[in-house]
Structures are given as structure tokens and as C-alpha cells.
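Visitor: Quick one: structure below, then a few questions.
The values are calculated or read from the model by the stated rules, or taken from the named source; none is laboratory data. In this text the structure is predicted, and so the values were computed from the model without any measurement. No Cβ is skipped: glycine too gets one built from the backbone with ideal geometry, and neighbour counts run over all protein chains shown.
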Amino acid sequence: MNRATAKRLIERYFRQLTEGCGNSNCTNEFCASHSAFQPLDNNSAAAKSLELFKVNAKLCDYYPSVRSSTDASSQMGSKMSVDEFSDVHYLTEHTVCRILGFCEEEGDYAPLIRVIGRIFSNADALMKSFRKDELSVTSNLESLTSNDEEQRETSRREDASTRAALPDETPNGLPDACELTVDIDAVRRVYDRLLSIDQVEAALVNALIYLTPNVELDLEYLDVYETSPDYLNIFIIVMENSNLHSPEYLEVALPQFCKAMSKLPLTALARLSKLWSTYDLPHIRRMMETFQQLITFTVVSNEYDTENLVNDNETVVAATQCLKIIFYASILGGEVDVEHNEEDEEDSESDELTLHELLGEERLYKKGPRVDPLEKELGVRPIDSIRPLIPFEDFVNDSLNDVIEMDKDFTFFKVNAETKFSFQSCPFILNMITKSQGLYYDNRIRMYSERRLTALYSMVQGQQPSPYLKLKVRRDHIIDDALVRLEMISMENPSDLKKQLFVEFEGEQGVDEGGVSKEFFQLVLEEIFNPDIGMFTYADDAHLFWFNSSSLENEAQYTLIGIVLGLAIYNNCILDVHFPMVVYRKLMGKRGTFLDLSDSHPVQ
């Protein structure tokens, strides 16, 4: 028998000794429902529970329907009116209903408020509350008593072999949300009743304010989740509160709670994401809107500039990190394709040092883009999502995007990722304008790097290569001139494509400060995507371009067109070209599937 099962058995013995099974005709002498049972205080009941566990004493089945509701409430009322509910150390739906019934009869909710405040402000008490009924515990106990010592030893060996993984993990190492011990349906029913009482709402807010600093310290310094995975129950229960987005929580309680949640280890975050991916759309959307509400409220309540960065606001950062859990839950809960990936081509790495390394340049892109740890833990990427539960655009927060200093954020992302938070690590919250700014800074740094390398080459080799990528074209032959020149560059020295582009029209005077390049790309695109040229077709109903299957051009021509499009993006030129999503999915390493036809070739 593993520790988790033993713990649950002892807790059942304790409940049996303190609350009883609910059967008025119970014959078990170790049950509070037995007519001759002498009541025990909590300490005595705890000690007795251990004794009963050691001897495998009889456990009663739970019969809440046998005792009449009137008798139950009267007994509970007479007992708790004397003890002032001090013997309630955790909550169940049945307990809350009995206390609530007593308070409604008395017309005073003070006892309920005291219990709610005490339980919801104590991490251990809240963690033990609203547990699922262990229906198989009794049968497991009977099998243990009937089996001989050899079978017990076999069971112990099997338990030892499974303890290599956490109790809440599946054999492949991924968290199994189904093994969570919270009765979520019961929690929701309890919240529905409690939140209709104004006094209880205030008690929940105050309890959350008192609870979260202790939880944050436990997670950050005591690694409490490693020793007790059920600690995650606290966050599951609190997040079921449908009023978290209300002003009462936004000031103090919810910000502190988000900070505590952000301290959860990676395995716990993955468990939460997997659990929430099983929720219905209204519940997961409510949680998403709660975090978005907190971010927006905090942003509009403060002023930000280059000295006071939003990246330094702990509330916004913590809420964004919590929103990431919902983002991946939305992906997992929707339609996902994790199978159709292109074969990764492993580049053979040379043992010789490159010029970049000799100069101390970091090879940032040697292994591809940075992978989010939660994404890796869950084994799913945003590009794998076919249709998420919540559309991606709903995760964008425009108020936040308005105050992000992208130059600072980009520096944090590239240089100070360990010490400073960058919103580029949570790109789902950024809009297209902010993302394009980040891309602009990234490309500019590459251009300056190429310029420095060119200067070094000129000193070492005595040559005078141009620090820029210069194109001289004729307006009347813009396609021929541009593609021929780019083809030569791509074959002779592809690294020149990383230089800043300067375009010159033959016979015209003017310095390219950006406007000439934009005009060049506009003219090239008009020619390339002209249906009369025959390289692309245009679907009027979908407003998308697609490759012409009857085109006489070879693949090399399409490669050159891809270079032109890449140069435009690299030089910060926005292009009005629309392709189906399958094109971008393939660029990200995904294979086209049958489902992609609904986007690229819709049928009326």
C-alpha cells in the first residue's frame, strides 16, 4: 500500500470517528453514528485513527441519505452551536450544506463566515477539502485483510516500482489530470450557494489575502509541492470561484494569488494545464477573462514609460504567466495535430571555429528558436493547434501592448532572460504591431552584425566588400533584374542577404532611406502575383493566393520569389499578400493534411 492510499484510509477513519457514517442503525463500535459511541476530541480521534488503520478495522460505508435532513441539521446545529464550529478542519459539500442549513434556520451567517474564513485561509485545511469519494478504499482494505503476507509483499514491490514517478504522473512522465483528488463538481455547487451570500464573499476575499503569502513562501522556499502533490488542490479550488474577476478581488487578493501560482514548479503547471483542458468552454473562458481583467485593470491604473517599465510590474507579469497555463489548456482541449511534422534535418557541425565565434558572437540560432519549458513539458506547440478552444486573438491584450517598450523588452528577451521578464516569452498576448517591432529589432541587430563582420573582413583580407546589399534595377525589367541579381547572390555569397538592402532604379537619382525599397517590393509583388503571369492564382471568395498547378515556371523561380518575400520582411516592409494557413504551417515544419484543404480550397 502506497503512502497516498494509507493517508486516505487514515482520514476516513478520522471522519468516521468524528462525523460518523450517517447511518442511524450503524453497528460499528468505532463509528460516531453508533448509538453507544462516546464522542472523542480531535487529538484522541487522530490517535485512534492510527490504531484502527494498523489493525485494519472495519470502515463503514457512507449513508448520507439514511439520516433525515431534519435530524442531521438539528444534531449538527446543537453540536456546533456549542463548539462554535471549531471541530471542522476541512470542508466537504455535505458539511457546508449542513452548516448553511443551520445558519439559515438561525438567520445568522456568522458561524458559516468563521468556518469559511478559517478553512480558506489555511493551506493544509483547504488542500484537504472537497476530496473525491474513494469508492474503492473499502474493497482495497478487504482485499488486504484476506490476502496473505506473500501477496502483501508483492503489492509492496509493485508500489515501490511505481514510486519512481510522482503519484500524479502517467508512465510516460506526463501529468494525468484524472488522478487529481478534488471533486470539482462539488466545489462548483458549493460556490454557487456561497456566492449568493454577500457576507461570505467578503470572507472569501479576506481569506485569500491571508492565504496566498504563506502559499507563495511554501512553494518558493520549502518545495512543498514535491512532498505533497495535492498542494495543487488549493489552486484548483480557488480558481473555481466565478467572482475572481470582480473589483473586490482585483485590488489585492487576485494579484497575490497569481504571484503564488507563478511559483508552482513546471510539473504542477503542466498538471493544471491538462486539467483545465478538460473543462467546458464557459469555464476555461471565464478563467482566461479573469487574468485578462487583472492585466487590463493593473495597466490602466498605472503609468508606464522608459523608466517605469510594465515588465517590472509583478502583478502584470504573474497574471501573464498564469494566462500562459490557460493558453496551452485551450490548445490541448481543442483539435491538435502533433504527428505531421517534417523530418528534422540535422546539420553537420564543423569542429572549426567560425568567424562569429572568434568575435565572441553567440550562436543564438544554432538550435532553432527558444522553446518554452511548459510547451516542452506538455509536448504540444501552438503550431500543432488546428482549432483551439479559445481563438488565439482572444488572448491578445491591447492595453498591455500600448505600454510595452519593445526595445527594452527585446533586450530582456535576448540578454537578461534569467533575471528580467520579457513578454516575448508569452507571444500569445502580443498583437501584430508589437511582434513586428520585435522582429524589426532582431533584424536590425543582424544587419549591424553583418556590417561589423564586413569591416573585419576588409581589414583581414584587404578587400573592400560593400556593407550593404545593393540592387540596381530597371523599372521596365524589374522582375528580370531583381531575380537574376538575387540568384547570383544566393549562389555566390548567401550571407550577403543578411545585409541591409539598398535599391537604386537605373537612371533615377535618390538615396534609399526606406521609401525606395518599399516601392521596389510593391512593384515586384504586383508583377509576381499578377494572375496574367500565371505563377499564382487568386481565390475571390477566400481572398487568398495559391500556387498555380499549371505554371510553366520551375521550382527555382519560386525559391527566388521566397527570397524576395523574406527580404521584404527582413527589411521591415509590410506586404499585402495573403496565403492559406497551410503555407505558414509548412514554413514552421508541419506537413499539410487533409484538413488544410478547408482553408486553402474551400468548397461552397
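Visitor: The conditions are (1) modelled with pLDDT of 90 or more; (2) more than 30 Å from GLU248 (Cβ to Cβ); (3) part of a loop (DSSP other than H, G, I, E, B), and ASN308 fails exactly one of them. Which is it?
Guide: Against the list (1) modelled with pLDDT of 90 or more; (2) more than 30 Å from GLU248 (Cβ to Cβ); (3) part of a loop (DSSP other than H, G, I, E, B), ASN308 comes up short only on (2).
Visitor: Looking only at region 238-286, which residues are buried (at least 21 other Cβ atoms within 10 Å of the Cβ) and β-branched (Val, Ile, Thr)?
Guide: VAL238
Visitor: Take LEU439 and decide whether it is under 30 Å from GLU504 (Cβ atoms), at pLDDT 90 or above and either part of a helix (DSSP H, G or I) or among the aliphatic types (A, V, I, L, M) (or both).
Guide: Judged against the criteria, LEU439 is a match.
Visitor: Next up: Evaluate region 152-166: report whether one residue or more is at pLDDT below 85 and under 27 Å from THR92 (Cα atoms).
Guide: Yes.
Visitor: Among the numbered conditions (1) under 14 Å from the mean Cα position of the chain (by Cα); (2) at pLDDT 95 or above, tell me where ASP372 comes up short.
Guide: It is condition (2) that ASP372 fails.
The rows are residues; the columns are (1) surrounded by 16 or more Cβ atoms within 10 Å (Cβ to Cβ); (2) under 29 Å from ARG189 (Cα atoms); (3) modelled with pLDDT under 80.
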| site | (1), (2), (3) |
| --- | --- |
| LEU17 | yes, yes, no |
| GLY20 | yes, yes, no |
| SER35 | no, no, no |
| GLN38 | no, no, no |
| VAL82 | no, yes, yes |
| LEU91 | yes, yes, no |
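Visitor: Which condition number in (1) among the polar types (S, T, N, Q); (2) at pLDDT 90 or above; (3) in contact with a Pro (Cβ under 6 Å, 6 or more places away or on another chain) is the one that THR434 fails?
Guide: Checking THR434 against (1) among the polar types (S, T, N, Q); (2) at pLDDT 90 or above; (3) in contact with a Pro (Cβ under 6 Å, 6 or more places away or on another chain), the one that fails is (3).
Visitor: Test of understanding: among LEU254, LEU219, LEU264, which residue is closer than 23 Å to ASP372 by Cβ and outside any loop (DSSP other than H, G, I, E, B)?
Guide: Within the list LEU254, LEU219, LEU264, the selection yields LEU219.
Visitor: Given the residues SER73, SER129, SER121, which is the only one that is modelled with pLDDT under 65, in contact with a Phe, Trp or Tyr (Cβ under 8 Å, 6 or more places away or on another chain) and surrounded by 14 or more Cβ atoms within 10 Å (Cβ to Cβ)?
Guide: SER73
Visitor: Further, regarding this structure: Quick check on region 416-472: of everything there that is in contact with a Phe, Trp or Tyr (Cβ under 9 Å, 6 or more places away or on another chain), of a type in the set (Val, Ile, Thr) and without any contact (Cβ under 8 Å) to a residue 40 or more places away in the chain, which residue is farthest from LYS499 (Cα to Cα)?
Guide: The selected residue is THR419.
Visitor: Looking at region 9-36 only, could you name the residues that are of a type in the set (A, V, I, L, M, F, W, C), part of a loop (DSSP other than H, G, I, E, B) and either over 19 Å from VAL88 (Cβ atoms) or under 44 Å from the mean Cα position of the chain (by Cα) (or both)?
Guide: Of everything in region 9-36, those that are of a type in the set (A, V, I, L, M, F, W, C), part of a loop (DSSP other than H, G, I, E, B) and either over 19 Å from VAL88 (Cβ atoms) or under 44 Å from the mean Cα position of the chain (by Cα) (or both) turn out to be CYS21, CYS26, PHE30, ALA36.
Visitor: Also, I was wondering about something else. Considering LEU523, LEU575, LEU552, LEU544, which residue is without any contact (Cβ under 8 Å) to a residue 60 or more places away in the chain and touching a His at 6+ places or on another chain (Cβ under 6 Å)?
Guide: Only one candidate qualifies: LEU544.
Visitor: Pairs under 7 Å by beta carbon, first residue within 18 Å of GLN557 (Cβ to Cβ) in region 488-504, partner charged (D, E, K, R), six or more apart or different chains?
Guide: These pairs meet every condition: ILE489/ASP496.
Visitor: So if I check each of ASP576, ASP532, ASP512, ASP596, which one is part of a helix (DSSP H, G or I), charged (D, E, K, R) and either at pLDDT below 85 or more than 39 Å from the chain's Cα centre (by Cα) (or both)?
Guide: ASP596
Visitor: Another question, if that's okay. I need a count of the residues in region 42-58 that are charged (D, E, K, R) and either touching a Ser or Thr at 6+ places or on another chain (Cβ under 9 Å) or surrounded by 15 or more Cβ atoms within 10 Å (Cβ to Cβ) (or both).
Guide: Qualifying residue count, region 42-58: 2.
Visitor: Could you give me the residue pairs with C-beta distances under 7 Å whose first residue belongs to region 296-313 and is touching a residue at least 24 places away in the same chain (Cβ under 8 Å), whose second residue is surrounded by fewer than 17 Cβ atoms within 10 Å (Cβ to Cβ) and hydroxyl-bearing (Ser, Thr, Tyr) wherever it lies, and which are 6+ apart or on separate chains?
Guide: Between residues of region 296-313 that are touching a residue at least 24 places away in the same chain (Cβ under 8 Å) and residues that are surrounded by fewer than 17 Cβ atoms within 10 Å (Cβ to Cβ) and hydroxyl-bearing (Ser, Thr, Tyr), the close pairs are THR296/SER399; VAL299/SER399; VAL300/SER399.
Visitor: Residues that are within 40 Å of the chain's Cα centre (by Cα), over 23 Å from LEU575 (Cβ atoms), surrounded by fewer than 16 Cβ atoms within 10 Å (Cβ to Cβ) and of a type in the set (S, T, N, Q): does region 446-459 have at least one?
Guide: Yes, region 446-459 contains a residue that is within 40 Å of the chain's Cα centre (by Cα), over 23 Å from LEU575 (Cβ atoms), surrounded by fewer than 16 Cβ atoms within 10 Å (Cβ to Cβ) and of a type in the set (S, T, N, Q).
Visitor: A follow-up question, please. Tell me, which helices (runs of 4 or more DSSP H) wholly within region 366-419 include 3 or more residues that are of a type outside the set (Asp, Glu), out of contact with any Ser or Thr (no Cβ under 6 Å at 6 or more places or on another chain) and surrounded by 12 or more Cβ atoms within 10 Å (Cβ to Cβ)?
Guide: Here the list reads 373-378, 406-414.
Visitor: With respect to the numbered conditions (1) of a type outside the set (A, V, I, L, M, F, W, C); (2) at pLDDT below 85; (3) part of a helix (DSSP H, G or I); (4) touching a Leu at 6+ places or on another chain (Cβ under 9 Å), which one is the sole condition not fulfilled by ARG485?
Guide: (2)
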